[in-house]
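All remarks here apply to the structure that follows.
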Amino acid sequence: MEVVGIDVSKKTIDVYKPSKGHIKFNNTSEGFSKLSEWGGASHYVMESTGSYHYQLATYLYCQGLSVSVVNPLPVKRFMQMRLQRVKTDKSDAKMLSEYGMSECPKLWVPDPEHISYSKQILSVLELYTKQQTALKNKIDSLLSGGFKRGKLLSSLRLQLKRIEGEIKKLEEELQETLSKGSGKAMTQLRSIPGIGKKTAAMLLVYSNEFKDFDDYRQFIAYAGLCPVHRQSGSSVRGRSYISKKGNKLLRNHLFLCSFTASKHNAQCRALYERIVAKGKSKKLALIAVANKLIKQSFGVIKNDLIYDPNYVSIK
């Protein structure tokens with residue numbers, strides 16, 4: 001089966017097939033139809049591009065064709081290894097074809113409808129939260145500068161109140177959506193001491209109910225919580241740190257959860273105390289606790305269990 005590389009932009013899709021070369025279609029339903037006729041029974045590979053790729057990937061999947069949606073970072077590294085100097089939509093499509101033939105990426109399956117909708121809610125919540133923080137900071141700045149009254153403060157406070165109201169509505173909508181679509185999994189995750197309803201929702205949504213990751217180590221890397229060690233020979237011994245190359249929102253929530261888990265989750269508390277007793281920093285211990293929470297989350301979901309502090313966790 002040939003591998004067809006697709007570079008997706010907002011209005012067009014550049015396509016490369018080894019036996020036919022390059023062609024361009026519109027990023028519309030009509031363009032999708034022409035693409036499937038032109039490409040035939042091939043393996044279609046495209047990068048994850050926010051929302052632009054989703055409709056095309058879904059169309060090809062519904063046509064019974066093989067589709068892979070890959071992370072842009074490995075593709076970028078692949079291009080660098082091939083010493084790719086030219087970067088255009090046309091050259092990217094060809095490189096995606098070569099990447100697909102070389103790496104054989106796994107096939108893509110659309111998220112369930114309630115997970116896809118929940119991802120959009122989380123995206124908007126992140127936007128509103130940033131606006132909320134900006135408004136609070138501006139109000140504090142004005143108050144510190146001596147501005148105690150006037151239409152300016154009233155306007156800012158009104159906008160802050162509206163955003164806080166919308167955040168509350170969307171958080172309720174998120175919980176209701178997941179309760180209907182993934183109620184059992186939400187209950188299992190919230191049974192883990194330290195994981196609240198917001199973090200449980202993020203864990204489920206960003207992992208597609210833990211179906212997009214083979215094990216907890218992959219999800220730790222996705223959250224940007226995996227340790228990075230710098231050592232080479234006898235001269236280079238850099239300080240270890242977490243990668244932070246991942247989902248910042250999820251990472252921050254898990255870190256906050258680690259404070260509660262280090263006190264009320266028996267396994268996490270033992271881990272925290274053991275690391276601190278070795279003379280390590282408390283921050284390092286809390287990061288280890290956050291990783292432990294991910295491991296426990298995988299354990300309860302993969303084994304279809306409610307959290308049990310006496311359960312022997314999976315390796």
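The values are calculated or read from the model by the stated rules, or taken from the named source; none is laboratory data. Here the structure is a predicted model, which means the values were calculated and not measured. No Cβ is skipped: glycine too gets one built from the backbone with ideal geometry, and neighbour counts run over all protein chains shown. Calculation scope for accessible area: heavy atoms of the full protein, side chains included, ligands and nucleic acids excluded. Shrake-Rupley method; radii C 1.70, N 1.55, O 1.52, S 1.80 Å.
Return the residues of region 1-23 that are assigned to a strand (DSSP E or B), touching a strand residue (DSSP E or B) at 6+ places or on another chain (Cβ under 8 Å) and free of Cβ contacts under 8 Å to residues at least 60 places away in the same chain; say none if nothing qualifies. Talk me through it step by step, then tell me what you get.
Going through region 1-23, the residues assigned to a strand (DSSP E or B) turn out to be 3-8, 12-17, 21-23.
If we keep only those that are touching a strand residue (DSSP E or B) at 6+ places or on another chain (Cβ under 8 Å) as well, we get 3-8, 12-17, 22-23.
Within region 1-23, Val8, Ile13, Ile23 qualify.
Starting from residues that are part of a helix (DSSP H, G or I) and within 23 Å of Asn247 (Cβ to Cβ), keep the ones in region 44-57 and report whichever is most open to solvent (accessible area, probe 1.4 Å). If you could, list the steps in order and put the result at the bottom.
Residues of region 44-57 that are part of a helix (DSSP H, G or I), as a first pass: 54-57.
From the residues that got through so far, the ones that are within 23 Å of Asn247 (Cβ to Cβ) too are 54, 57.
Details: Tyr54: 73, Ala57: 0 Å².
Restricting to residues being part of a helix (DSSP H, G or I) and within 23 Å of Asn247 (Cβ to Cβ), the top hit is Tyr54.
In the set Ser97, Ser102, Ser66, Ser144, which member is closer than 23 Å to Ala41 by Cβ and either in contact with a Pro (Cβ under 6 Å, 6 or more places away or on another chain) or surrounded by fewer than 13 Cβ atoms within 10 Å (Cβ to Cβ) (or both)?
On the way: Ser97 fails: either in contact with a Pro (Cβ under 6 Å, 6 or more places away or on another chain) or surrounded by fewer than 13 Cβ atoms within 10 Å (Cβ to Cβ) (or both); Ser66 fails: either in contact with a Pro (Cβ under 6 Å, 6 or more places away or on another chain) or surrounded by fewer than 13 Cβ atoms within 10 Å (Cβ to Cβ) (or both); Ser144 fails: closer than 23 Å to Ala41 by Cβ.
Answer to the check: Ser102.
Which residue, of Leu60, Leu96, is modelled with pLDDT of 90 or more and touching a Gly at 6+ places or on another chain (Cβ under 6 Å)?
Leu96
Return yes when Ala41 is open to solvent by 50 Å² or more (accessible area, probe 1.4 Å), among the small types (Gly, Ala, Ser) and closer than 17 Å to Pro105 by Cα and no when it is not.
Details: open to solvent by 50 Å² or more (accessible area, probe 1.4 Å): yes; among the small types (Gly, Ala, Ser): yes; closer than 17 Å to Pro105 by Cα: yes.
It is true that Ala41 is open to solvent by 50 Å² or more (accessible area, probe 1.4 Å), among the small types (Gly, Ala, Ser) and closer than 17 Å to Pro105 by Cα.
Looking only at region 175-210, how many residues end up being free of Cβ contacts under 8 Å to residues at least 12 places away in the same chain and either surrounded by 22 or more Cβ atoms within 10 Å (Cβ to Cβ) or of a type in the set (D, E, K, R) (or both)?
Applying the first criterion (free of Cβ contacts under 8 Å to residues at least 12 places away in the same chain) to region 175-210 yields 176, 179, 183-184, 190.
Remaining after also requiring either surrounded by 22 or more Cβ atoms within 10 Å (Cβ to Cβ) or of a type in the set (D, E, K, R) (or both): 176, 184, 190.
Residues that pass the stated criteria total 3.
Within the group Ile242, Ile314, Ile306, Ile287, which residue is more than 19 Å from Phe219 (Cα to Cα), under 27 Å from the mean Cα position of the chain (by Cα) and modelled with pLDDT under 95? Talk me through it step by step, then tell me what you get.
Numbers: Ile242 fails: more than 19 Å from Phe219 (Cα to Cα); Ile314 fails: more than 19 Å from Phe219 (Cα to Cα); Ile287 fails: more than 19 Å from Phe219 (Cα to Cα).
Of the residues listed, the single one that is more than 19 Å from Phe219 (Cα to Cα), under 27 Å from the mean Cα position of the chain (by Cα) and modelled with pLDDT under 95 is Ile306.
Test Glu164 against the stated conditions and say whether it is modelled with pLDDT of 95 or more, over 30 Å from Phe210 (Cβ atoms) and of a type outside the set (A, V, I, L, M).
Values: modelled with pLDDT of 95 or more: yes; over 30 Å from Phe210 (Cβ atoms): yes; of a type outside the set (A, V, I, L, M): yes.
Considered against the rule, which asks whether it is modelled with pLDDT of 95 or more, over 30 Å from Phe210 (Cβ atoms) and of a type outside the set (A, V, I, L, M), Glu164 comes out as yes.
Run Ser258 past the list (1) farther than 22 Å from Ser182 by Cβ; (2) surrounded by fewer than 22 Cβ atoms within 10 Å (Cβ to Cβ) and report the number of the one that doesn't hold.
Here Ser258 clears every test but (2).
Applying the selection to region 103-138, what residues are part of a loop (DSSP other than H, G, I, E, B) and in contact (Cβ under 8 Å) with a residue 12 or more places away in the chain?
Of the residues in region 103-138, the ones part of a loop (DSSP other than H, G, I, E, B) are 104-112.
Listed by number, the residues that qualify are Pro105, Lys106, Leu107, Trp108, Val109, Pro110, Asp111, Pro112.
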